[in-house]
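A quick write-up on the structure given underneath.
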Amino acid sequence: MGKIILTGDRPTGRLHIGHYVGSLKGRVELQNSGEFEKVFIMIADAQALTDNADNPEKVRQNVLEVALDYLACGLDPKKSTIFVQSQIPQLCELTCYYMNLVTVSRLQRNPTVKSEIQQRNFEASIPVGFFAYPISQASDITAFKATTVPVGEDQEPMLEQTREIVRRFNMIYNTDTLVEPEILLPKNKACLRLPGTDGKAKMSKSLGNCIYLSDEPDVIKQKIMNMYTDPNHIKVSDPGQIEGNTVFTYLDAFCKDEDFTKYLPDYANLDELKAHYQRGGLGDVKVKKFLNAILQEELEPIRNRRKEYQKDIASVYKMLKDGCDVARETAAKTLHEVKDAMKINYFDDVELLNQQINKYKD
Ligand code: ATP
Ligand code: MG
């Protein structure tokens with residue numbers, strides 16, 4: 001069997017450079033590599049509603065924003081099926097059956113869900129849907145028989161949970177219907193969990209610490225100039241710290257040696273720049289200007305492509321609708337197999353009918 005990709009994003013805002021380095025850029029490369037039989041990209045609106053139930057308009061608006069960001073980054077509907085989660089009802093049905101295979105205490109141990117609950121100040125009033133979203137994510141992944149899930153590091157516990165569900169399902173129902181997926185993390189460490197411009201937590205749509213792929217050049221520059229660096233690096237001559245210095249983390253994520261030839265020829269590579277900063281004598285503004293030049297170059301073509309797609313919104317919705325049709329068909333096939341394995345296929349099962357007839361004969 002060929003390899004299959006499933007991944008996606010919550011439509012809670014436009015996509016940012018954390019998504020780009022953590023998942024999106026790699027996805028486009030995988031899509032174009034020819035190594036995958038199928039690529040499914042899901043806009044996870046149902047998941048977004050688990051913590052935005054009172055704000056459906058936000059989710060509704062951002063389905064299009066995420067689709068535009070996808071196309072702008074080079075996801076190609078001819079090669080990838082791009083679809084919207086809520087339009088595939090089979091996913092809810094699968095979730096319902098998988099819920100019986102997971103304990104409440106297992107869900108409570110999920111470190112990502114734990115920290116997201118804290119972030120959202122849910123305290124005791126956690127929506128059940130939010131608490132259980134790792135199970136719904138297992139449905140998304142398994143419905144498409146995904147072998148490979150390219151995501152950021154925060155998704156690792158979800159993949160582990162999915163694998164547990166797959167193993168339990170296949171064991172209980174004595175089947176090989178479900179496929180155990182593998183996580184595919186970015187190779188560059190700085191991209192695993194890109195911090196926000198405030199340097200505090202991961203860059204996240206819900207935290208307002210993002211540089212968006214669609215930000216205009218002056219906005220990008222302003223965000224970079226206000227970025228968190230080393231609070232003890234006050235004078236240019238002071239030695240500076242690299243660890244926890246967000247500007248350097250972004251350079252780790254984005255900078256290539258060629259960027260020095262182009263924008264900062266006094267240094268050969270990032271190690272030399274870091275060494276100078278640590279010694280003292282290198283100001284934050286110079287480093288930030290360098291980062292700005294690199295990010296502007298990377299984001300300009302994405303922004304321009306987005307503007308092209310924005311001219312024909314009806315086609316973007318059509319593309320999504322067609323994607324949903326393909327995804328629904330695939331998910332329905334898996335659901336059928338799942339119900340067969342669970343033997344809740346009463347009306348397709350001739351053997352069952354004959355058995356019951358015999359049971360009540362005379
Ligand atoms: P929300 O705040 O609504 O949860 P988010 O910014 O965390 O939004 P998601 O839609 O939850 O974004 O995540 C989509 C994908 O992007 C996931 O694969 C996730 O791992 C990856 N991702 C999100 N933020 C980052 C980041 N800062 N660094 C690396 N990868 C990220
Ligand atoms: Mg998230």
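Please tell me if Lys288 is of a type in the set (D, E, K, R), assigned by TED's automatic domain parsing to the domain that holds Ile224 and in contact (Cβ under 8 Å) with a residue 40 or more places away in the chain.
yes
In region 213-237, how many residues are more than 14 Å from Tyr250 (Cα to Cα) and touching a residue at least 60 places away in the same chain (Cβ under 8 Å)?
The number of residues fulfilling the criteria is 5.
Okay, residues lined up against (1) assigned to a loop (DSSP other than H, G, I, E, B); (2) in contact with a Lys or Arg (Cβ under 7 Å, 6 or more places away or on another chain); (3) open to solvent by 60 Å² or more (accessible area, probe 1.4 Å):
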site	(1), (2), (3)
Met99	no, no, yes
Arg106	no, no, no
Asn121	yes, no, yes
Val166	no, no, no
Thr175	yes, no, no
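Quick one: in region 206-220, of everything that is polar (S, T, N, Q) and either open to solvent by 50 Å² or more (accessible area, probe 1.4 Å) or touching a helix residue (DSSP H, G or I) at 6+ places or on another chain (Cβ under 7 Å) (or both), which residue is farthest from ligand 2 (Cβ to nearest atom)?
Filtering region 206-220 for residues polar (S, T, N, Q) gives 206, 209, 214.
Of the ones still in play, those that are also either open to solvent by 50 Å² or more (accessible area, probe 1.4 Å) or touching a helix residue (DSSP H, G or I) at 6+ places or on another chain (Cβ under 7 Å) (or both) are 206, 214.
Values: Ser206: 7, Ser214: 19 Å.
Per the criteria, the residue is Ser214.
I need the full set of residues from region 195-216 which are more than 7 Å from ligand 1 (Cβ to nearest atom) and of a type in the set (A, V, I, L, M), in order please.
Ala201, Ile211, Leu213
Yes or no, residue by residue, for (1) in a loop (DSSP other than H, G, I, E, B); (2) more than 14 Å from ligand 1 (Cβ to nearest atom); (3) hydroxyl-bearing (Ser, Thr, Tyr):
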site	(1), (2), (3)
Pro134	no, no, no
Ala146	yes, no, no
Val149	no, no, no
Ala190	no, no, no
Val236	yes, yes, no
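Give the residues of region 251-266 that are touching a Leu at 6+ places or on another chain (Cβ under 8 Å) and farther than 27 Å from Arg193 by Cβ, sorted by residue number.
Within region 251-266, none qualify.
What single numbered condition from (1) more than 26 Å from Asn209 (Cα to Cα); (2) not assigned by TED's automatic domain parsing to the domain that holds Ile88 fails to hold for Leu295?
(1) is the only condition that Leu295 fails.
Which is within 16 Å of ligand 2 (Cβ to nearest atom) and buried (at least 16 other Cβ atoms within 10 Å of the Cβ), of Glu153, Glu180?
Answer to the check: Glu153.
Among the numbered criteria (1) assigned by TED's automatic domain parsing to the domain that holds Leu91; (2) touching a residue at least 12 places away in the same chain (Cβ under 8 Å), which one does Asp198 miss?
Evaluating Asp198 over (1) assigned by TED's automatic domain parsing to the domain that holds Leu91; (2) touching a residue at least 12 places away in the same chain (Cβ under 8 Å) leaves (1) as the failure.
Out of curiosity, is Pro301 loosely packed, with under 13 Cβ neighbours inside 10 Å, outside any helix (DSSP H, G or I) and either assigned by TED's automatic domain parsing to the domain that holds Thr229 or hydroxyl-bearing (Ser, Thr, Tyr) (or both)?
Details: loosely packed, with under 13 Cβ neighbours inside 10 Å: yes; outside any helix (DSSP H, G or I): no; either assigned by TED's automatic domain parsing to the domain that holds Thr229 or hydroxyl-bearing (Ser, Thr, Tyr) (or both): yes.
Criteria not met by Pro301.
Between Arg163, Arg120, which is more than 16 Å from ligand 2 (Cβ to nearest atom) and under 26 Å from Met99 (Cβ atoms)?
Working: Arg120 fails: more than 16 Å from ligand 2 (Cβ to nearest atom).
Checking each option against the conditions leaves just Arg163.
On the given criteria, is Leu335 in contact with an Asp or Glu (Cβ under 7 Å, 6 or more places away or on another chain), open to solvent by less than 60 Å² (accessible area, probe 1.4 Å) and in a helix (DSSP H, G or I)?
When the stated conditions are applied, Leu335 passes them.
So, restricting to strands (runs of 3 or more DSSP E) that lie completely within region 1-91, which ones have at least 1 residues that are modelled with pLDDT of 95 or more, open to solvent by less than 10 Å² (accessible area, probe 1.4 Å) and within 24 Å of Phe254 (Cβ to Cβ)?
3-9, 36-43
Give region 221-234 a look and list any residue that's in a loop (DSSP other than H, G, I, E, B) and either in the same structural domain as Cys73 (by TED's automatic domain parsing) or open to solvent by less than 50 Å² (accessible area, probe 1.4 Å) (or both), or say none.
If the condition is that a residue be in a loop (DSSP other than H, G, I, E, B) and either in the same structural domain as Cys73 (by TED's automatic domain parsing) or open to solvent by less than 50 Å² (accessible area, probe 1.4 Å) (or both), then Met227, Thr229, Asp230, His233 are the ones that fit.
Restricting to region 184-205, what's the tally of residues that are within 15 Å of ligand 2 (Cβ to nearest atom), of a type outside the set (Ser, Thr, Tyr) and open to solvent by less than 60 Å² (accessible area, probe 1.4 Å)?
Matching residues across region 184-205 total 7.
Could you identify the single residue in Arg109, Arg14, Arg10 that is among the basic types (Lys, Arg), in the same structural domain as Lys189 (by TED's automatic domain parsing) and away from ligand 1 (no atom under 12 Å from the Cβ)? So that I can check it myself, show each step before the final result.
Numbers: Arg14 fails: away from ligand 1 (no atom under 12 Å from the Cβ); Arg10 fails: away from ligand 1 (no atom under 12 Å from the Cβ).
Testing whether each residue is among the basic types (Lys, Arg), in the same structural domain as Lys189 (by TED's automatic domain parsing) and away from ligand 1 (no atom under 12 Å from the Cβ) leaves just Arg109.
The values are calculated or read from the model by the stated rules, or taken from the named source; none is laboratory data. Please read all numbers here as calculations on a predicted model, not as lab measurements. Virtual Cβ from ideal backbone geometry, glycine too; neighbours counted across all protein chains shown. Areas reflect the complete protein model, heavy atoms only, side chains present, ligands, DNA and RNA absent. Shrake-Rupley method; radii C 1.70, N 1.55, O 1.52, S 1.80 Å.
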